[in-house]
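A short write-up of the structure that comes next.
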Amino acid sequence: MADSPLLVKSKAFALDIIRVCNEIKQSKRESVLTNQLIRSGTSIGANIREAFYAHGRADFIAKLQIALKECSESEYWLELLIESGYYNDDTILNRCIEIKRILISSINTAKEKSQK
């Protein structure tokens, strides 16, 4: 489990989200969007970690789907921060999209396996 690329990427993403939000709060005095982003951005990895301890395939899929929803929400907050000029580096947005793609693929694979 510890070497799962999804776990590693989501934890690194959460740490970067915390850093970015703290930077924006200090430099731009913006807290409404960043508070939302911290919640959703750190929740992705938490739900992925929960999925690895699921009570079965259905629970595993459900936890990954929650992580996907949080990832999509994070993507929205990042878009708002970037497009409003509060943050100028879209690297973190691209990492969010990458995690979203991995989650979609993982969910689809798990669903296919559960139908066999």
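Report yes if some residue within region 56-77 is closer than 19 Å to PHE13 by Cα, free of Cβ contacts under 8 Å to residues at least 24 places away in the same chain and surrounded by fewer than 12 Cβ atoms within 10 Å (Cβ to Cβ); otherwise report no. Checking region 56-77: not a single residue is closer than 19 Å to PHE13 by Cα, free of Cβ contacts under 8 Å to residues at least 24 places away in the same chain and surrounded by fewer than 12 Cβ atoms within 10 Å (Cβ to Cβ). TYR53 satisfies every condition listed in (1) of a type in the set (Ser, Thr, Tyr); (2) over 24 Å from LYS111 (Cα atoms); (3) over 15 Å from the mean Cα position of the chain (by Cα) except (2). Filtered by the rule that a residue be surrounded by 18 or more Cβ atoms within 10 Å (Cβ to Cβ), closer than 24 Å to ILE102 by Cα and in contact (Cβ under 8 Å) with a residue 60 or more places away in the chain, region 12-55 gives PHE13, ILE17, VAL20. Among the residues making up region 34-60, those that are farther than 16 Å from LEU6 by Cα and of a type in the set (Lys, Arg) are ARG39, ARG57. In region 78-111, the residue that is farthest from LYS11 (Cα to Cα) out of those that are among the small types (Gly, Ala, Ser) and surrounded by 15 or more Cβ atoms within 10 Å (Cβ to Cβ) is ALA110.
Quick note: the coordinates plus some simple rules give every number you see, no bench work behind them. These figures come from a predicted structure and were not determined experimentally. No Cβ is skipped: glycine too gets one built from the backbone with ideal geometry, and neighbour counts run over all protein chains shown.
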